[in-house]
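Following: one structure in structure tokens, then a few remarks.
The values are calculated or read from the model by the stated rules, or taken from the named source; none is laboratory data. Just so we're clear, the structure is a prediction, and the values are computed from it rather than from any experiment. All Cβ positions, glycine included, derive from the backbone under ideal geometry; neighbour counts span all protein chains shown.
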Amino acid sequence: MRPNSKGLSIKMNRRPFLLAFLLLLLPSPVRSQSQPSSTPDQPNFFHRWADFYGQDWHPAPADPNAPSPARRGLPLPIDAPPFPFSEWPYGGSPTIGEPDTNSYPLMTAINGAHSRIKIYGWLDPTLNFSTSTHRNTPVGNDLYSNRFQLNQAVLYVERLPDSVQRDHIDWGFHLTALYGTDYRYTTNKGYFSSQLLDHNRQYGFDPSLEYVDIYFPHVAQGMNLRIGRYISIPGIEAQLSPNNYLFSHSLLYVIDPFTDTGVLATVKLNDRWLVQLGLTASHDVAPWTADAQPSGTACISYTTQSTNDNLYGCANGINDGIVAFDNLQQYDLTWYHRFSKTVHIATEAWYMYQTDVPAVTGPIAPPKGTNGAFCRPGQVRCTAPEYAFVNYLNKQLSPHDFITLRSDFLNDKKGQRTGYQTRYSENTLAWNHWIGSTIQIRPELRFDHAWDSPAYDNGTHRNQFTAATDLILHF
């Protein structure tokens, strides 16, 4: 397990960011149609920035005759916002055939949102009240009990490839800078990881994502090749706050892989079928670390013609499985089902394991930053498996609101991921409310239970109740 207490004294290389900023000044024919934009008579940067929020929070009526941007694919199954996505998602690639129609307050203030290279991000302060005194582990992302904190301050610099057209090869890139308590959930050994693994700092910095995308339009109905560090691709949840239904994460997500470094090909065979093949350095480790080893990823996604159902299965990080830092052998299946435009479920199940994990009572120390396993008596090493599933039931109430009921089960059979050999369950009721398209408020009530042994509040209680919320301010 990666410790649930995953900071920065090393200076970043600023040259990529300076280059990207200069490129922002270059005009582009691509123009966003979905958000407010600046007008020439706005006098300065700060007036344009403030005006974006004013238009966003008090928008003019939409023009019903405005043309929709060109796209390739099936009809959109749900609305975003209020949901975090409008197409059934897959990881490791931009959605092939979907145009980049977003503009952002900061980019509108910089150049009127006229460039394909964009700088944007968000602030995500949070507040939680808990029946636990010390920590809420294994719950994430409100790790620290009963406090106000900054979970994420995130800056993106990106260019998305144009995957709607099928005439020419296009390219994109993405850089992420993340600061806050959530750095522990993206920490990748070898990327400033001593903040967590050596010093266990509350706040830290992580360059969570840095990759290049190359889009090849003539491979099937489009192929995206991603090279670099990216979010581990299976599953419903992602570590960057706006990409999730809820503020907190399921138990399932907190202990599975976070980021991978490697190369991934995503091929759209047609509107219903998509396949992915990749090679990484294993989970949550940089290629230059001793824990790295060649690991395979293979996924397939199928969407019905009606878009009422999507299945997305992955074999992720597959190698010999011998214990190393987060060397998880993960087999994951996600199912989205739409009952109507306003009601859908998202369900995920996975099985993971590592082999040759040192026993907690044995003479061999586990790899730094991980736990040993509760092996059978007399065993010095053993295989440590775990399985889990989660279900989200989502109901849209308005264009700005939805509610979610999440139910989650985890069996940490040898205690290697959480530190406690027990089964867990979790139920969370949450509300997601948007103000315009730039502010999200996500309050929730959550109850967790450990079935076989006390695992909450440093192993002293079987139950934990939390009331929490975050507020995401997009810029």
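Annotations for the structure displayed:
- Being of a type in the set (Phe, Trp, Tyr) and either surrounded by fewer than 20 Cβ atoms within 10 Å (Cβ to Cβ) or in contact with a Lys or Arg (Cβ under 6 Å, 6 or more places away or on another chain) (or both) holds for only one residue in Tyr331, Tyr336, and it is Tyr331.
- Of all residues in the range 394-429, those satisfying the criterion of being within 14 Å of Pro84 (Cα to Cα) and not polar (S, T, N, Q) are Lys395, Pro399, His400, Asp401, Phe402, Ile403.
- Test: Arg166 is touching a Pro at 6+ places or on another chain (Cβ under 6 Å) and either surrounded by fewer than 21 Cβ atoms within 10 Å (Cβ to Cβ) or not in a loop (DSSP other than H, G, I, E, B) (or both): yes
- The sole residue among Gly172, Gly91, Gly180 that is touching a Cys at 6+ places or on another chain (Cβ under 9 Å), buried (at least 21 other Cβ atoms within 10 Å of the Cβ) and either closer than 27 Å to Val212 by Cβ or polar (S, T, N, Q) (or both) is Gly91.
- Top-ranked residue in the range 118-163 [being part of a loop (DSSP other than H, G, I, E, B) and touching a Gly at 6+ places or on another chain (Cβ under 6 Å); ranked as farthest from Tyr185 (Cα to Cα)]: Ser163
- Hey, Leu311 over 27 Å from Ser193 (Cα atoms) and under 18 Å from the mean Cα position of the chain (by Cα) or not: no
- Remark: pairs (first residue in the range 50-67, over 17 Å from Ile110 (Cα atoms); second residue among the hydrophobic types (A, V, I, L, M, F, W, C); Cβ separation under 7 Å; 6+ apart in sequence or on different chains) = Trp57/Ile435.
- Selection of the range 183-227 for residues being among the charged types (D, E, K, R), farther than 30 Å from Asp170 by Cβ and either surrounded by 20 or more Cβ atoms within 10 Å (Cβ to Cβ) or touching a strand residue (DSSP E or B) at 6+ places or on another chain (Cβ under 7 Å) (or both) yields Arg184, Lys189.
- Which listed residue, of Gly222, Gly296, Gly262, is small (Gly, Ala, Ser) and under 19 Å from the mean Cα position of the chain (by Cα): Gly262
- Residue under evaluation Ile78, criteria (1) under 27 Å from Leu397 (Cβ atoms); (2) assigned to a strand (DSSP E or B), criterion not met: (2)
Here's the yes/no breakdown for (1) among the hydrophobic types (A, V, I, L, M, F, W, C); (2) buried (at least 20 other Cβ atoms within 10 Å of the Cβ); (3) modelled with pLDDT of 95 or more:
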{"position": "Tyr104", "(1), (2), (3)": "no, yes, no"}
{"position": "Ile119", "(1), (2), (3)": "yes, no, yes"}
{"position": "Thr126", "(1), (2), (3)": "no, yes, yes"}
{"position": "Val154", "(1), (2), (3)": "yes, yes, yes"}
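- The range 192-251, residues that are more than 23 Å from Tyr331 (Cα to Cα), part of a strand (DSSP E or B) and hydroxyl-bearing (Ser, Thr, Tyr): Tyr211, Tyr215
- Residues located in the range 179-205, provided they are in contact with a Lys or Arg (Cβ under 6 Å, 6 or more places away or on another chain) and among the polar types (S, T, N, Q): Thr187, Gln195
- In the range 425-450, the residues that are more than 23 Å from Pro138 (Cβ to Cβ) and crowded, with 16+ Cβ neighbours inside 10 Å form Cβ pairs under 9 Å with partners that are of a type in the set (D, E, K, R) and at pLDDT below 95, at six or more places apart or across chains, as follows: Gly436/Asp56; Ser437/Asp56; Thr438/Asp56; Ile439/Asp56.
- Only one of Lys368, Lys395 that is surrounded by fewer than 19 Cβ atoms within 10 Å (Cβ to Cβ), more than 27 Å from Leu76 (Cβ to Cβ) and not β-branched (Val, Ile, Thr): Lys368
- Within the set Thr383, Thr418, the sole residue that is farther than 22 Å from Ile78 by Cα, hydroxyl-bearing (Ser, Thr, Tyr) and not in a strand (DSSP E or B) turns out to be Thr418.
- In the range 341-369, of all residues being in contact with a Phe, Trp or Tyr (Cβ under 9 Å, 6 or more places away or on another chain) and modelled with pLDDT under 95, the one that is farthest from Asn308 (Cα to Cα) corresponds to Thr361.
- Counting only residues that are over 20 Å from Asp284 (Cα atoms) and either basic (Lys, Arg) or assigned to a strand (DSSP E or B) (or both), the range 364-380 holds 1 of them.
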